[in-house]
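The values are calculated or read from the model by the stated rules, or taken from the named source; none is laboratory data. Keep in mind that what you see is a predicted model, and the values were worked out from it rather than measured. Cβ atoms come from the backbone with ideal geometry, glycine included; neighbour counts cover every protein chain shown. To get the accessible areas, we keep the full protein, side chains included, count just its heavy atoms, and leave off ligands, DNA and RNA. Shrake-Rupley method; radii C 1.70, N 1.55, O 1.52, S 1.80 Å.
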Amino acid sequence: MRSFYDAGQNAANAYRRAFAPQFSDYVEDVVLAADTLVRVPIPEGAGVAVFSFDGDFRVRLGVVATTFTLPATTTSNGSGSELSPAARVIPAKLGDGTTTPTHICLRAAAACKGSIAFYGN
């Protein structure tokens, strides 16, 4: 799997190139039906996920049993989902410090289509 960061001459160049990475060699197409949870397995060796959708979507990192609903109230305990992120680093462990993430969990209020491009570390 291609790296998200360019291993150029220096660190500053590598991070500038992160705004225009090379094409990923591992992309998953994702079709979201309205208010339906979809779990996309994280491929082995993936360290970065880049999202591109034609509508708003919610995302939460988790495991095969992770679930969440669309927000109906304001949370105050960190249990929310993230709205339409562009790209995220996939951590080695979830917030509990012991669980390895295996899935990216997605849900949208309205049907939409998109893709997740995965990159290695």
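Could you go through the range 59-66 and let me know if any residue there is hydroxyl-bearing (Ser, Thr, Tyr), part of a loop (DSSP other than H, G, I, E, B) and open to solvent by 60 Å² or more (accessible area, probe 1.4 Å).
No, the range 59-66 contains no residue that is hydroxyl-bearing (Ser, Thr, Tyr), part of a loop (DSSP other than H, G, I, E, B) and open to solvent by 60 Å² or more (accessible area, probe 1.4 Å).
Can you tell me which residue among Val27, Val31, Val48 is open to solvent by less than 40 Å² (accessible area, probe 1.4 Å) and touching a residue at least 40 places away in the same chain (Cβ under 8 Å)?
Just a single option satisfies the conditions, and that option is Val48.
List, please: which pairs have Cβ atoms under 7 Å, are six or more places apart or on different chains, and start with a residue in the range 55-83 that is free of Cβ contacts under 8 Å to residues at least 40 places away in the same chain and end with one that is surrounded by 12 or more Cβ atoms within 10 Å (Cβ to Cβ) and among the β-branched types (Val, Ile, Thr)?
Val64/Thr102; Ser81/Val59; Glu82/Val59
Taking the stated definitions as given, is Ala92 hydrophobic (A, V, I, L, M, F, W, C), at pLDDT below 95 and either in a loop (DSSP other than H, G, I, E, B) or farther than 15 Å from Asn121 by Cα (or both)?
no
Taking Arg88 as meeting all but one of (1) within 11 Å of the chain's Cα centre (by Cα); (2) crowded, with 17+ Cβ neighbours inside 10 Å, write down the number of the exception.
(2)
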